[in-house]
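Novice: If you scroll down you'll find the structure; I have some questions about it.
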Amino acid sequence: MTKTATLETVINEVHQKSINHFDETLPVQEMSFDSLNQMWVSGKQIDVAPSAQRLLSNRLRVPYSYLSRCPEYLQARNLNFWIEQECRHRDTFFCRFNGDTLRAVFTERYQPLDNMEILSQLIQQGFNPFSEVQYSIDDGMFLLKIPEYAKAFGVNPGYGNLDEIVPGIAFANSEVGLLAFSIEAFFYRLVCANGLISKTASTVSRFKHISNKGLVNFSDTLTLVIGESILNQEQFMLSRNSLIEDPVSSIDSFSKRFGLSQKESEIVRHAFYQEPGNTLFHIINAFTAAAKTDGLSTAEVYKFEKTGGQVLSLVKP
């Protein structure tokens, strides 16, 4: 769920959520499992968060969809067999904890980038801690969007400032391996409170957690993304004039093209009927409106808003 607050409030919330977070590099040979949900590490019994369960399943090459359906004794048998095989060619795992819960496990190649580090960078770059921002955060992902209301532009000729879009910057990060750190253009449609995260033409605005390039290039990436967002404004205007003969079929086609599930595509179709229309703009709006559906995880919100940006990127000036 996306919330609105000041940047300072977000910093305080993220700090509070991370109080019990810590990292350790631990021997693989000292790991064993009671089940998918519980294991032993260096003689201590710990819980395994869903994010770590999926990472362990992938690392040990045991499908999570299979393990999650097995009884506990069979989960343990599978995981303990494959962790023994892992010991033969790997000495340690980099483990991320929240108190007594394992929240993520990586190889030594992983380079952590915590949400607080990103927020600290924003303050260093001169962002106002009392400015209004939009954000969503859960155990899997952090998404922060900073609109620049002074740069709002109209997208519906004839309606003046009744239908405006506010440009801005979006920051997305996962401390548990769901996605790379990214800095992307953000657009906020005031009349319906829909948000869109734009696909950037640059290849340097996404940083995998294998180096500190995300922080080193922070300032330059901000400048690059802000510059590219000007192109997106023209694309919004052109999408208003791009007629679509069968919008619902187009939604299904775009959903498949950009990796949405059938259930997610149904959510987009439902959102389309809240503001139907026969232009590409209305289709983009359906994807961004879907991101406001109750009960979505942060990753799902990001996926819908990002897909709206991918559709927008298809508009050629």
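Novice: Which is the longest stretch in the chain that no exposed loop site breaks, taking sites as trypsin sites (Lys or Arg not before Pro) with a DSSP loop state and at most 10 other Cβ atoms within 10 Å?
Specialist: Looking at the chain, 110-317 is the longest stretch - no exposed trypsin sites (Lys or Arg not before Pro) with at most 10 other Cβ atoms within 10 Å.
Novice: Any chance you could check the Cα centroid distance between segment 220-287 and segment 131-156 for me, in angstrom?
Specialist: Spelled out, the Cα-based centre of one part sits 18 Å from the other.
Novice: Where in the chain lies the longest segment free of chymotrypsin sites (Phe, Trp or Tyr not before Pro) that are both loop residues by DSSP (not H, G, I, E, B) and have at most 13 other Cβ atoms within 10 Å?
Specialist: Formally, the longest exposed-site-free interval is 1-129.
Novice: Check which residues have an amide H placed less than 5 Å from Phe186's amide H, if you skip close sequence neighbours.
Specialist: Residues meeting the criterion, in which the H sits 1.01 Å from N, are Gly168, Ile169, Ala170, Ser198.
Novice: Which percent of the accessible heavy-atom area of segment 228-317 goes to carbon and sulfur, probe 1.4 angstrom?
Specialist: 52 percent
Novice: What accessible surface, in Å², does a 1.4 Å probe find on Val48, ignoring ligands, DNA and RNA and rounding to the nearest 10?
Specialist: 10 Å²
Novice: Please work out whether segment 261-317 counts as rounded, prolate or oblate from its C-alpha gyration tensor, where a ≥ b ≥ c are the square roots of the eigenvalues and a/c under 1.5 means rounded, while otherwise a/b larger than b/c means prolate and anything else oblate?
Specialist: Cα axes put segment 261-317 in the oblate bin.
Novice: Not counting the cut sites, what is the longest span of the chain without GluC sites (Glu not before Pro) that DSSP labels loop and that have at most 14 other Cβ atoms within 10 Å?
Specialist: Excluding the exposed sites themselves, the longest stretch runs over 109-244.
Novice: What dipole magnitude, in Debye to the nearest 20, does segment 48-114 give about its Cα centre under +1 on Lys/Arg Cβ and -1 on Asp/Glu Cβ?
Specialist: Computed charge dipole of segment 48-114: roughly 240 debye.
The values are calculated or read from the model by the stated rules, or taken from the named source; none is laboratory data. These numbers were taken from a predicted model, which means no experiment stands behind them. Cβ sites come from the backbone with ideal geometry, for glycine too, and all protein chains shown count toward neighbours. For the accessible areas, the whole protein counts, side chains as well, though only heavy atoms, and no ligand, DNA or RNA atoms are used. Shrake-Rupley method; radii C 1.70, N 1.55, O 1.52, S 1.80 Å.
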